[in-house]
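Derivation of every value follows stated rules applied to the coordinates shown; laboratory data play no part. Quantities reported herein were computed from a predicted structural model and do not represent experimental measurements. Glycine also receives a Cβ, built like all others from the backbone with ideal geometry; neighbour counts cover every protein chain displayed.
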Amino acid sequence: MKILNFGSMNIDYVYQVDHFVSAGETLSSSELFINSGGKGLNQSIAAAKAGNIVYHAGYLGKEGTFLKDKLAENQVDVSNISFVESSCGHAIIQVDGAGQNCILLYGGTNQILTKEYINSVLDVFGNEGLVLLQNETNLVGYIIEEAHKRGLLVVLNAAPMDAKVLEYPLDLLDWLFVNEVEGAQIAGCAIEEEIIGVLQEKYPNVNVLLTLGSRGAICATNGKRYQIPCHKVSVVDTTAAGDTFCGYFTYGVLHDMEISEALQLATTASALAIGKKGASDSVPSKEEVDAVMANQELPILEVKILD
């Protein structure tokens, strides 16, 4: 099944620092990397590397030509990407010695999509497939409604979380991907163990994937909840770990894998991603992931069915 991603595309300015800069502090960085990024771009590349047919849609400024090239290099169809007279979205990313990151975003061309453009892309894509979304573009709610009307599957990764997400027609989604912070805000609860249950009550027809960072992930679908831990590996850079997980998990869903198998695949892929620097460049290929799993280079993780 093919995937259409109305996805953000950012120029990532990544600074290696001893610690995250605090208010009033001037901090020198030891290294600067300029990478292709954006949750949308990262997830398109992850989904394509996993073996899906992926179409990416969005606007770019002239300085973002290399972002389009990066997608194309990774077998993502870029025929729907349009150039406009505005500045690209970009991110300022600090990465500390432990591999953790903090990110400052500027939306740029990711925030000027029009309904006319969205409709034209959907018309070309057709009525079969999956629409993948993140919260780094505008008109996300409109895209959810239009994609649902056309009978397309709709997946939203509700990151980065803000108040707009609560206004989206989330009940029309087929899958909602959240981490513990996003999930708690959407559910309106402070107790992590209650997040999945509250989301299922609010959106009974929506499947939920809750990622928990170093504590693994929980998936609620078809009346069951599945829990998987994470691999214990050395951390170099966590920037695209979540995007990699989502891209590979989506592959598993679209290829009718058992949920436990999809979780194993996504967990292995994200473990490989955090062992490399960069965002999209750290996403492993399906061949790499398959080899690691076949050779059991990482241990087989137990997937528990919670209910």
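Can you tell me, using C-alpha contacts under 8 Å and at least 6 residues apart, the relative contact order of the chain as a whole percent? If you can, show how the numbers build up before the last one.
Values: 693 pairs, mean separation 53.0, N = 307.
Here the relative contact order equals 17 percent.
What you get for the chain, charging only the Cβ of Lys and Arg (+1) and of Asp and Glu (-1), is a dipole of about 240 debye around the Cα centre.
Evaluated at q = 0.16, 0.21, 0.24 Å⁻¹, the base-10 log of the normalised Debye intensity for region 10-53, with identical point scatterers placed on the Cα atoms, takes the values -0.60, -0.76, -0.84. Potential lengthening of the chain between Ser28 and Glu192 amounts to 55.4 nm, from the contour at 0.36 nm per residue minus the alpha-carbon distance. Normalising the Debye intensity of the chain to I(0), with uniform scatterers on Cα atoms only, and taking log10 at q = 0.08, 0.12 Å⁻¹ returns -0.32, -0.76. Centroid-to-centroid, using Cα positions, region 203-227 and region 48-74 are 29 Å apart. Of the residues Gly129, Cys102, Gln296, the one whose Cα sits farthest towards the positive end of the charge dipole of region 2-305 is Gly129 (charges of +1 on Lys and Arg Cβ, -1 on Asp and Glu Cβ, taken about the Cα centre).
Quick check on my link table: of Lys39/Lys286; Lys39/Lys276; Lys2/Lys68; Lys49/Lys276; Lys224/Lys276; Lys70/Lys164, which ones sit more than 22 Å apart, alpha carbon to alpha carbon?
Lys224/Lys276; Lys70/Lys164
Its alpha carbons give region 1-152 an Rg and a Dmax of 16.6, 52 Å.
Coupling constants for region 243-257 follow from the phi torsions by the Karplus curve (6.51 cos²θ - 1.76 cosθ + 1.60, θ = phi - 60°), and in residue order they are 5, 5, 4, 5, x, 6, 5, 4, 4, x, 5, 6, 9, 6, 6 Hz; glycine and proline get x. Close amide-amide hydrogen proximity is noted between Asn10 and Gly37, Gly38, Leu41, each under 5 Å apart and 5 or more residues distant or on a separate chain (H modeled in the peptide plane; Pro and chain starts excluded).
Compared with the direct C-alpha span, the chain from Tyr106 to Asp256 gains 50.3 nm at full extension, assuming 0.36 nm per residue.
Quick check on the chain: helices-only [θ] at 222 nm, where DSSP H runs of length 4 and up contribute -39,500 (n - 2.57) each and the sum goes over total residues. Nearest 500, please. Show your work: numbers first, answer last.
Working: 9 runs with 95 residues, N = 307.
That calculation yields -9000 deg cm²/dmol at 222 nm.
Summing charges over all other residues whose Cβ lies under 11 Å from the Cβ of Thr250, with Lys and Arg as +1 and Asp and Glu as -1, gives -2. Here the simple spin-label model places points 7 Å from the Cα toward Cβ, and for Gln75 and Ala98 these points are separated by 3.7 nm.
Less than 5 angstrom separates the built amide H of Leu4 from those of Tyr55, Leu130, Val131, Leu132, all sequence-distant by 5 or more or on a different chain.
Local charge sum around Phe83 (other residues, Cβ-Cβ under 9 Å, Lys/Arg +1, Asp/Glu -1)? Neighbour charge sum, excluding Phe83 itself: +1.
Selection among Thr238, Gly64, Leu152 by position relative to the dipole of region 2-305 gives Leu152 as farthest towards the positive end (Cβ unit charges, Cα centre).
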